[in-house]
Amino acid sequence: MEKEGVIIFSGSAGSIEVIMNIFPCIPANFPFPVVLLLHRKNTIEHHLEDVLGRKSKVPVVEIQDKTYLKPSHIYIAPGDYHLLVDKDGMLCLDHSEKINYSRPSIDVTFDSFAKVFKNRCIGILLSGANADGAKGLKTIKEHGGLSVVQSPESASVITMPMSAINLFEPDLIADTQKITEIILDTVNYTISNFINKIKHGQDIKEELPSILIVDDLADNLFSLNAILKSEGYKIDKANSGKLAIEMATKNAYDCIVLDVQMPEMDGFEVAKILGEGELTRNIPIIFLSALGSDKEKVIQGIESGAIDFMAKPVDPPLMKAKIKLCLSISAKNKARKKTLTAIKEEHQTLKEFTTDVSASMRYAQNIQQAILPKAEFINSLFRDNLLIYRPKESIGGDFYYIKEFSGQLIFIVGDCTGHGVPGAMMSMISINIIHNIIETKGILNPSLILNAMVKEFRTAFRNDTSNTSFQDGLELAVCSYNKKEKKLLYSGAGRPIFVSQGNTVRKIKSTSSGVSSTISENFEFELNELPISDDTQVYLYSDGIVDQFGGPSNKKFMSKRLEQLIQSCQHLPMNQQKQIIDEAIQKWKGKEEQIDDITIFGAKIG
Amino acid sequence: MTTNTRITIGDSEAEELIMLINDYSGYDFSDYSMPSLLRRFQRYVDMNKISDFKQLLQDLMNDSAMINNLIEEITVNVTEMFRDPGFFICARKELIPILKELPLIKIWHAGCSTGEEVYSMAILLKENDLLDKSIIYATDINQSVLDIARSGKYSLEALKEYESNYWESEGPAKLSDYYSIVNGKIVMNDELKSKIIFSTHNLVSDHPFNQFDLIVCRNVVIYFNKSLQDNVFQMFHKSLNEKGVLAIGSQETIMFSPIEHKMEPLNTKWKIWKKKA
Ligand SMILES: C[S@@+](CC[C@H](N)C(=O)[O-])C[C@H]1O[C@@H](n2cnc3c(N)ncnc32)[C@H](O)[C@@H]1O
């Protein structure tokens, strides 16, 4: 029944690298078990164990059914089984249905561990390409455990971290370096104290409450000390009022026990001076008096701070009870102060964060790039293709979407109103909508895709009058190519395309209206079926290139010029075409500023 | 989104259900591994959108078909053909030579689920000209998975995975040599079927029923707690002929069980043991 605490690392694509960085740092006497759960098949060889085993200072073992976790071990969850834990902390494997297309599923394991280990469970979600783990990590947090997500900037595949961040507010978002630091820091605490510290920002290397006792008679000091010491407090002594004030301004006492009758400066006077000091004002004071009649005077003398009163000789149980009360008041005061500073600090970091625009732009850029299809992927779908994607700023409103679905190649170039952050936001929303239409609803006909988009925009932005950028929309060219039937369909919403065949280049006109929430759901986007031959090439483009100012008399590039350009190089392989078009744009632009995002996608089909 | 308030199955709810099932059907799940059972019960109430636990108990008590359905839902039946190709490679190399020496081969697949594993084994035997002298007993607690197993019909969806498993298991032929496709389903060849006897058998309560040269029971005892595992292993030991072989799931072990010292390991990665003489 070893059930102290546990740290679970989990992830999928792109997380091995992180693990390889972190695990070798775990010291041999690490006091907690570490579990590693990756989406992986049950392979014939145990590569991961071997590699990790060689690099790690603690033993690396594969989890067997019905075993217990031990500290100073790294446990690897076997592929093809869900990992569960029973209420005594025994590990159990399970081969039921895949969850989130995964077995092991991170959600399943996190859920099970969250409920058993509660506030002694640290869940870490790393890079990965699906949404598994987000829900489970949330459950860990809800049961008092610590939820840690690898920061998307540092993750090589962001889907997994982003899903968690979108679902709830993780306790920590950290890069590899920070995660390592955190893991190493756990050794200084029990796991629940550590989690508490991270969650509430307070260091719990517990400080003993400190008490100052003040009396001019050494005997009295001695007996007071004896009574209080047994309670485990830190006790300081002062034998005069003057010394008491000096000490109280230097140390933050939780309570002062103050004799009233003292020569030179009596207790009331001391209290009065303490009441004036910024740091001492709130320290609770217990007066000791043989007279027992000066209460009135005491309360008048001091404005704030808790005060209490005890007759001499001291009754130990009563004294202890009173001290406890004072300490709880003092703790509350301190906590209030802490929250105030925390709020101030947070405000400061927020300010710093928002002024660091370039950092957040870089962040957005990462996200956008992760959403756009990668070159290798596009290359795998087409015999030959070219892609020019040049946002005006680091992120933009242009996007491209390329996918093979049910034997059909769908390729789309879109151009959202605006560029920079608003444009990028719009483009991400649009990609998401397109993704849904094609991959969830299975709509593959270009003109119907456009109609479905209009419908989505209408529902999404119907009631939105506040944000003008959402009343705008986007222009796009949508093509689908059925490889088997050799059928190319095109439908445009404000974006025409070029088709080259033999020696000719034709411009295929688009319906002039773009997609937005303001047009009718039944609006008809014209559908063109285009004849195909072996050398057919299609070019989709945003208006960034044709609207670009430049040239000898600083005019727009115009689509006619693009057509001629394609005409001149259409017989060349596409990477050469790309070079030529690129150079032509650069030359045209010269010293002029790029005015909009530029995207051109060309593909050889047939 | 549903507004149904979801109920959560915790330890006490699970105990209630286990008791009820035992009282009304005689099936005893009390020695099953609790975390898996919790998930299965949870899945059952989620899928059937059950929002009132008391009502559920009432309904179960009044409806034996519902209890049977619950029992079928809580046993995990996931399986594949040539699941863990590495195991089958090992079987080709290390088991087949042992079986070759025998005049008659008797095999027991305990917890065979929908039968894919059994047909995989039959294919292995066939490929080594051993099928003719083999009898395979395939048993499970769950009647409806046995019906599927007996029919030998599987959905096409999984075919791609089966083909690749077969290939990875170093199969010398094509998987398609062993099935035909009828009405959009894979149908296993009659020759394979004719050598397999499917029957119900409950590892918790039923007695051993024969002597075997090979017992295959993979990914079944992970659903049992330690003491039930021990009992089952002892029953397997009793049911093995001299030098008989036991194969269990790759994450399961007979170590720390009463039969640990009565068996010698043949392959530690794929968890194959041989009964000591
Ligand atoms: C996950 S399947 C294993 C299938 C196959 N052996 C494999 O490894 O792919 C587990 C099977 O064990 C069966 N089972 C569960 N409890 C049982 C019991 N007490 N007696 C016999 N079979 C049982 C279930 O019905 C289920 O079909």
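The values are calculated or read from the model by the stated rules, or taken from the named source; none is laboratory data. Here the structure is a predicted model, which is why all the values come from computation and not from measurement. Every residue, glycine among them, receives a Cβ derived from its backbone with ideal geometry; neighbour counts consider all protein chains shown. Only protein heavy atoms, including side chains, enter the accessible area calculation; ligands, DNA and RNA are left aside. Shrake-Rupley method; radii C 1.70, N 1.55, O 1.52, S 1.80 Å.
Annotations for the structure displayed:
- Restricting region A:49-64 to residues that are at pLDDT below 90 and away from chain B (no Cβ under 14 Å), the residue that is least open to solvent (accessible area, probe 1.4 Å) is A:LEU52.
- Residue check for B:MET188: in contact with a Leu (Cβ under 9 Å, 6 or more places away or on another chain), modelled with pLDDT of 90 or more and in the same structural domain as B:ALA138 (by TED's automatic domain parsing): no
- For region B:192-218, the set of residues classified as open to solvent by less than 80 Å² (accessible area, probe 1.4 Å), farther than 15 Å from B:TYR154 by Cβ and away from the ligand (no atom under 16 Å from the Cβ) consists of B:LYS195, B:GLN211, B:ASP213, listed by residue number.
- The set of residues from region A:65-76 being over 19 Å from A:PRO24 (Cβ atoms) and either more than 7 Å from every other protein chain (Cβ to nearest Cβ) or without any contact (Cβ under 8 Å) to a residue 12 or more places away in the chain (or both) comprises A:THR67, A:TYR68, A:LEU69, A:LYS70.
- Qualifying positions in region B:99-131 - polar (S, T, N, Q) and closer than 25 Å to B:HIS207 by Cα: B:SER113, B:THR114
- In region B:156-171, residue farthest from B:PHE82 (Cα to Cα) [restricted to those that are part of a loop (DSSP other than H, G, I, E, B) and open to solvent by less than 50 Å² (accessible area, probe 1.4 Å)]: B:GLY171
- Residue match in region B:91-110 (condition: open to solvent by 10 Å² or more (accessible area, probe 1.4 Å), within 11 Å of the ligand (Cβ to nearest atom) and charged (D, E, K, R)): no
- Any hit, region B:250-262, residues being within 14 Å of another protein chain (Cβ to nearest Cβ), in contact with a strand residue (DSSP E or B) (Cβ under 7 Å, 6 or more places away or on another chain) and modelled with pLDDT of 95 or more: no
- Residue pairs whose Cβ atoms lie under 7 Å apart, sitting 6 or more positions apart in sequence or on different chains, and linking a residue in region A:543-571 that is in contact (Cβ under 8 Å) with a residue 40 or more places away in the chain to a partner that is small (Gly, Ala, Ser), are A:GLY550/A:GLY590; A:ILE566/A:SER500; A:GLN570/A:SER500.
- Residues in region A:77-96 that are in contact with a Lys or Arg (Cβ under 8 Å, 6 or more places away or on another chain) and at the interface with another protein chain (Cβ under 7 Å from one of its Cβ atoms): 6 in all.
- Those residues of region A:581-594 which are more than 26 Å from A:ILE410 (Cα to Cα) and surrounded by fewer than 16 Cβ atoms within 10 Å (Cβ to Cβ), in sequence order: A:GLU583, A:GLN586, A:LYS587, A:GLY590, A:LYS591, A:GLU592, A:GLU593
- Looking at B:TYR24, B:TYR44, B:TYR32, just one residue is more than 16 Å from the ligand (Cβ to nearest atom) and of a type in the set (Phe, Trp, Tyr), and that residue is B:TYR24.
- Tally, over region A:50-78, of residues that are in contact with a Pro (Cβ under 7 Å, 6 or more places away or on another chain) and closer than 26 Å to B:ASN77 by Cα: 3
- As a summary of the residue check, A:TYR539 satisfies the conditions (1) touching a helix residue (DSSP H, G or I) at 6+ places or on another chain (Cβ under 8 Å); (2) surrounded by fewer than 20 Cβ atoms within 10 Å (Cβ to Cβ) except for the one numbered (2).
- You will find that of B:ASN68, B:ASN62, the residue that is polar (S, T, N, Q), within 13 Å of the ligand (Cβ to nearest atom) and not assigned by TED's automatic domain parsing to the domain that holds B:LYS153 is B:ASN68 and no other.
- Entry remark, region B:80-109: residues being within 14 Å of another protein chain (Cβ to nearest Cβ), touching a residue at least 60 places away in the same chain (Cβ under 8 Å) and not acidic (Asp, Glu) number 10 in total.
- Filter result for B:SER113 (within 14 Å of chain A (Cβ to nearest Cβ) and either within 10 Å of the ligand (Cβ to nearest atom) or modelled with pLDDT of 95 or more (or both)): yes
- Residues satisfying the stated conditions in region A:572-591, i.e. closer than 24 Å to A:ILE378 by Cβ and in contact (Cβ under 8 Å) with a residue 12 or more places away in the chain: A:PRO573, A:MET574, A:ASN575, A:GLN577, A:LYS578, A:ILE580, A:ILE581, A:ASP582, A:ALA584, A:ILE585
Okay, residues lined up against (1) away from chain B (no Cβ under 14 Å); (2) of a type in the set (D, E, K, R); (3) within 15 Å of A:GLY5 (Cα to Cα):
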site	(1), (2), (3)
A:PRO104	no, no, no
A:VAL108	no, no, no
A:ASN130	yes, no, no
A:LYS135	no, yes, no
A:SER163	yes, no, no
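- Identity of the residue in region B:233-248, crowded, with 22+ Cβ neighbours inside 10 Å and in a helix (DSSP H, G or I), that ends up nearest to the other protein chains (Cβ to nearest Cβ): B:PHE233
- Enumeration of residues in region B:209-232 that are in a strand (DSSP E or B), more than 13 Å from chain A (Cβ to nearest Cβ) and of a type in the set (Phe, Trp, Tyr): B:PHE212
The rows are residues; the columns are (1) away from chain A (no Cβ under 14 Å); (2) within 23 Å of B:ASP230 (Cβ to Cβ); (3) open to solvent by 40 Å² or more (accessible area, probe 1.4 Å); (4) without any contact (Cβ under 8 Å) to a residue 60 or more places away in the chain.
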{"residue": "B:ILE9", "(1), (2), (3), (4)": "no, no, no, yes"}
{"residue": "B:GLU16", "(1), (2), (3), (4)": "yes, no, yes, yes"}
{"residue": "B:LEU20", "(1), (2), (3), (4)": "yes, no, no, yes"}
{"residue": "B:VAL45", "(1), (2), (3), (4)": "yes, no, no, yes"}
{"residue": "B:ASP52", "(1), (2), (3), (4)": "yes, no, yes, yes"}
{"residue": "B:ASN62", "(1), (2), (3), (4)": "yes, no, yes, yes"}
{"residue": "B:ILE67", "(1), (2), (3), (4)": "yes, no, no, yes"}
{"residue": "B:GLU72", "(1), (2), (3), (4)": "no, no, yes, no"}
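- Helices (runs of 4 or more DSSP H) lying entirely in region B:1-117 (those with 3 or more residues that are within 30 Å of B:THR268 (Cα to Cα) and over 20 Å from the mean Cα position of the chain (by Cα)): B:96-100
- Positions within region B:219-249 being over 18 Å from B:ASP28 (Cβ atoms), in contact with a strand residue (DSSP E or B) (Cβ under 9 Å, 6 or more places away or on another chain) and more than 14 Å from the ligand (Cβ to nearest atom), in sequence order: B:HIS237, B:LEU240, B:ASN241, B:GLU242, B:LYS243, B:GLY244, B:VAL245
- Residue within region B:118-131 that is within 16 Å of the ligand (Cβ to nearest atom), buried (at least 16 other Cβ atoms within 10 Å of the Cβ), within 25 Å of B:PHE233 (Cβ to Cβ) and within 11 Å of the chain's Cα centre (by Cα) present: yes
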